[in-house]
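The values are calculated or read from the model by the stated rules, or taken from the named source; none is laboratory data. Values in this document were obtained by computation on a predicted structure and should not be read as measured data. Counting neighbours? That spans all protein chains shown, and the Cβs are built from the backbone with ideal geometry, glycine included. Heavy atoms of the whole protein, side chains included, go into the accessibility calculation; ligands, DNA and RNA do not. Shrake-Rupley method; radii C 1.70, N 1.55, O 1.52, S 1.80 Å.
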Amino acid sequence: KAAQVLFGLDRDDITAKDHAELKELLIQSGPTHEFRVRAQVLARLLAESAEMASAQGETATAIDCNLKALHLLLDVLLRCEEIERMDFTPTVESVVAALTGVDLPSETSLGLMNHYERQGEFVKAEDQLFVMLRSGALGAGLNHLGEGFYQRLMEQPDWALMEGGLPRDEVESGWEEFREQAKQSA
């Protein structure tokens, strides 16, 4: 019902759309100041659709819906300074958990890396950097991304690094490991 009321489409029509079409739908379906709320509703709808597809053994559909939900969540979280998370909104962690074992597209790993760094979850951000490195995603641009990431980490106070799960000595060793692996994959 929410899909019909907010977007004028049923659940099947929404799940059939790709990420770009979903963003366009969000933009066109109401006032700008309600965008965050509509995005959270749509993310919930997609996460529920993923659960239903998974229960019916439709793994590919479940993965697709979860990826769309995750991208919407990351879009909202990375573009908005503050967001009032609605109680019904799936968390990034819950959607990531539903995607365990799935090779994520580089755009998803990049979004997760940015999200985790912004949240101060540095070890998770570093994990996503290495996922992209192992996959060969982003080519030479990944070197710049990694170098910038480690430079920003080195500017953090020790307490912030500790809270983020990546003490300074691990940042330094991770940076060295990143450089070595980047050379090998070049």
Item checked: Spin-label pair residue 5/residue 172, simplified geometry with 7 Å Cα→Cβ offset, distance in nm -> 5.8 nm
Next item on the list: Can you sort 63, 27, 14 by 1.4 Å-probe accessible area, starting with the largest?
Entry: 27, 63, 14
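Under a 1.4 Å probe, what is the accessible area of segment 28-155 per residue, stated in Å²?
Values: 6540 Å² over 128 residues.
The answer is 51 Å² per residue.
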Notebook entry, point to check: Using only helices, what value at 222 nm comes out for the chain when you add -39,500 (n - 2.57) per DSSP H run of length 4 or more and divide by the total residues, to the nearest 500 deg cm²/dmol?
Noted result: -23000 deg cm²/dmol
Check: From the backbone phi of segment 12-17, what are the Karplus-calculated ³J(HN,Hα) couplings (6.51 cos²θ - 1.76 cosθ + 1.60, θ = phi - 60°) in whole Hz, Gly and Pro given as x?
Finding: 5, 4, 5, 5, 7, 7
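So, with a 1.4 angstrom probe, what is the percent of accessible area on the chain that is carbon and sulfur? Intermediate values should be presented prior to the final figure.
Numbers: 5220 of 10300 Å².
C and S atoms contribute 51 percent here.
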Notebook entry, point to check: Taking the structure as given and computing volume of the Cα convex hull per residue in Å³, which label from (i) 129; (ii) 108; (iii) 144 fits?
Noted result: (i)
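What whole-number volume per residue, in cubic angstrom, does the convex hull of the C-alpha atoms of segment 90-186 give? Walk me through the numbers before you get to the answer.
Details: hull volume 8.8 nm³, N = 97.
In segment 90-186, the Cα hull volume divided by residue count equals 90 Å³.
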Next item on the list: With θ set to phi - 60°, apply the Karplus curve 6.51 cos²θ - 1.76 cosθ + 1.60 along segment 99-108 and write out the HN-Hα couplings as whole Hz, x wherever there is a Gly or Pro.
Entry: 9, 4, x, 9, 6, 7, x, 4, 5, 6
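With an 8 Å Cα cut-off and a minimum separation of 6 or more residues, compute the relative contact order for the chain in percent.
Numbers: 168 pairs, mean separation 26.7, N = 186.
Computed over the chain, the figure is 14 percent.
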